[in-house]
Amino acid sequence: MAAPWEDVLHEEPLVREAALLAVDAALLAGVLMRTEEEPNASEVVNYAPFTLLPSAVPNALFEQAYAVQQDFNLLVDAISQNREFLERTLASTIKVDDFTARLFRIYTQVLEEGLAQSVFLGINRSDYMFDCGVDETPALKQIEINTIAASFGGLTSRTAAVHRQVLKVLGKAEEASRLLPNNPSQGLALGIAKAWELYGSQSAVVMFLVEKVQRNIFDQRCVENELWNRNIRVIRKRFRDVFEKGSLDDARRLYIDGQEVAVVYYREGYVPQNYDPQNWEARLLLERSRAAKCPDIATQLAGTKKVQQELARPGTLERLLPGCAASVARIRATFAGLYSLDLGEEGDKVAAKAIADPDCFVLKPQREGGGNNLYGEELRRVLEKIKDSPERTSYILMDKIKPQPSKNYLLRPHSPLKVSECISELGIFGVYVRRGKEMVMNESAGHLLRTKAIEHADGGVAAGVAVLDTPYLV
């Protein structure tokens, strides 16, 4: 999958000049992050890491990823409404994974109390790699689907402009013109705006629930500004603010600082470190409210790795999406091999196979946010330690995807300029809004390409491993 700029990769003076221009272009375009030294201050900022050149992506696989996104939106929404499926699928996991268990307790408590929420907003990102199998024909294989705090929709909306500029400077204006327009921040904001509108109160606000450390604030501001442009008020609060100042009225309308909240958009709450006892109280308060949560807790549970593994079982998709044979076929075509590690004969065989041949698999815990998966000798070591313990049911096993590497320069602040062997991961953003049982919006909302050096097995942009990229279709 070589892109048509192999000729310039080793022309050092040209590359150096292009890299200097690329950094300035990124700063001009707003491809920005706060610094590690001052993660909550915007007085000093730097560019978010990105590739010097766009990476080649097979056109057919790119189109396949877009074509299946609305199917995945329907699937996630169907799972979130299926209590029996979630209870059965997560039964073994919640016995050994405290974080999933606590989410599940809130889920059942809110259901038993009766849902106050009638408008449901989903923003997810389905991530893929291009697996080169035995015949070396690339195939689209899903890594995971992120149903909470799917990030970089804002910054990736601005990255293609930087790559266009770089290609023009390198004398490749025609190739530059072929880079696709891409604006996920607008698509995500459209979904939030529709949920706000259906909530039905012009004076209500959208609340971004944000982390204590906010290095990636500009990514969020891109979406936020789209809402302000529609005259929708946005407030930014942390769990602590909700605990101290949040309340529900008799109709379970949510108020913070006296302002009614129509939509809660989570940009945190996806890992155990986001919670202390007060934050768990705040999460319960939010879930009990009438506000549209993105995601509500059922949709967060729908994005767990255990659910992903269960979906690969024969017949599961058909039960969740009855009468949708074409959708089921499109979804199933993207699945890599996924295996249960539940206690019993099936799980024993899977664990033994992975211990014997660890380089063929990835061991995944029930965690979001990148940097959690286990590979190779580390996978073998962990599985040998927990192979006879119920703890192994908190993981799933997946076939390791083997993409074809390509060469690129990864531009990071304060890092030397050197060519790297790289692999890429394509994410497609999906947005849906449901009112009661009626699906009001179901869209794909843009794409995100991230690229990393092959020596890094796991981790995304926020984790400091991958960098932002732009697909060049071949």
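Taken together, the residues in the stretch 261-279 that are open to solvent by less than 30 Å² (accessible area, probe 1.4 Å) and either part of a loop (DSSP other than H, G, I, E, B) or not polar (S, T, N, Q) (or both) amount to 11. Highlighted here are the helices (runs of 4 or more DSSP H) found entirely within the stretch 26-114 that include at least 2 residues which are touching a strand residue (DSSP E or B) at 6+ places or on another chain (Cβ under 8 Å) and either at pLDDT 95 or above or assigned by the TED database to the domain that holds ALA176 (or both): 59-67, 69-80. Taken over the stretch 320-332, the criterion of being open to solvent by 50 Å² or more (accessible area, probe 1.4 Å), touching a residue at least 24 places away in the same chain (Cβ under 8 Å) and over 11 Å from ASP71 (Cα atoms) is satisfied by no residue.
Open to solvent by less than 10 Å² (accessible area, probe 1.4 Å), part of a helix (DSSP H, G or I), more than 30 Å from ALA60 (Cβ to Cβ) and in contact (Cβ under 8 Å) with a residue 24 or more places away in the chain: which single residue out of LEU317, LEU285, LEU301 fits that description?
Every option except LEU301 fails the conditions.
Looking at the stretch 191-205, is at least one residue small (Gly, Ala, Ser), under 25 Å from LEU410 (Cα atoms) and not in a helix (DSSP H, G or I)? Checked the stretch 191-205: no residue is small (Gly, Ala, Ser), under 25 Å from LEU410 (Cα atoms) and not in a helix (DSSP H, G or I). Among the residues making up the stretch 1-57, those that are among the charged types (D, E, K, R) and either open to solvent by less than 20 Å² (accessible area, probe 1.4 Å) or touching a residue at least 12 places away in the same chain (Cβ under 8 Å) (or both) are GLU6, ARG16, GLU17, ARG34, GLU36. Of the residues making up the stretch 325-350, those that are within 25 Å of the chain's Cα centre (by Cα) and assigned to a loop (DSSP other than H, G, I, E, B) are ALA333, THR334, PHE335, ALA336, GLY337, LEU341.
When the residues of the stretch 340-380 are narrowed to those that are under 28 Å from ALA60 (Cβ atoms) and open to solvent by 20 Å² or more (accessible area, probe 1.4 Å), which ends up modelled with the lowest pLDDT? Show your work before the answer.
The initial filter retains those residues of the stretch 340-380 that are under 28 Å from ALA60 (Cβ atoms), namely 360-362, 364, 370, 373.
From what is left, the residues that are open to solvent by 20 Å² or more (accessible area, probe 1.4 Å) are 360, 370, 373.
Details: CYS360: 90, GLY370: 69, ASN373: 88.
Result: GLY370.
For the stretch 422-460, taking the residues that are assigned to a loop (DSSP other than H, G, I, E, B), at pLDDT below 95 and out of contact with any helix residue (DSSP H, G or I) (no Cβ under 9 Å at 6 or more places or on another chain), the one that is most open to solvent (accessible area, probe 1.4 Å) is identified as GLU455. Would you say ARG290 is in a loop (DSSP other than H, G, I, E, B) and either touching a residue at least 60 places away in the same chain (Cβ under 8 Å) or outside the structural domain of GLU113 (by the TED database) (or both)? So ARG290 fits the description; yes. Only one entry in VAL223, VAL206, VAL210, VAL242 is touching a Gly at 6+ places or on another chain (Cβ under 7 Å), assigned by the TED database to the domain that holds ALA116 and buried (at least 19 other Cβ atoms within 10 Å of the Cβ), namely VAL223.
Whether a residue is part of a helix (DSSP H, G or I) and within 24 Å of ILE297 (Cα to Cα) was assessed, and GLU224 passes this test.
Here VAL134 clears all of (1) among the β-branched types (Val, Ile, Thr); (2) over 22 Å from the mean Cα position of the chain (by Cα); (3) open to solvent by less than 10 Å² (accessible area, probe 1.4 Å) except the condition numbered (3). Of all residue pairs spaced 6 or more apart or on separate chains, those with beta-carbon atoms under 6 Å, a first member in the stretch 461-474 that is part of a loop (DSSP other than H, G, I, E, B) and a second member that is of a type in the set (Val, Ile, Thr) and modelled with pLDDT of 65 or more are THR470/THR159.
Checked against (1) over 24 Å from ILE123 (Cα atoms); (2) out of contact with any strand residue (DSSP E or B) (no Cβ under 9 Å at 6 or more places or on another chain); (3) touching a residue at least 12 places away in the same chain (Cβ under 8 Å), ASP257 passes all but condition (2).
The values are calculated or read from the model by the stated rules, or taken from the named source; none is laboratory data. Just so you know, these numbers come straight off a predicted model, no measurement behind them. Cβ coordinates were reconstructed from backbone atoms using ideal geometry, including for glycine residues, and neighbour counts include every protein chain displayed. We work out accessible area using only protein heavy atoms, side chains counted, and drop any ligands, DNA or RNA first. Shrake-Rupley method; radii C 1.70, N 1.55, O 1.52, S 1.80 Å.
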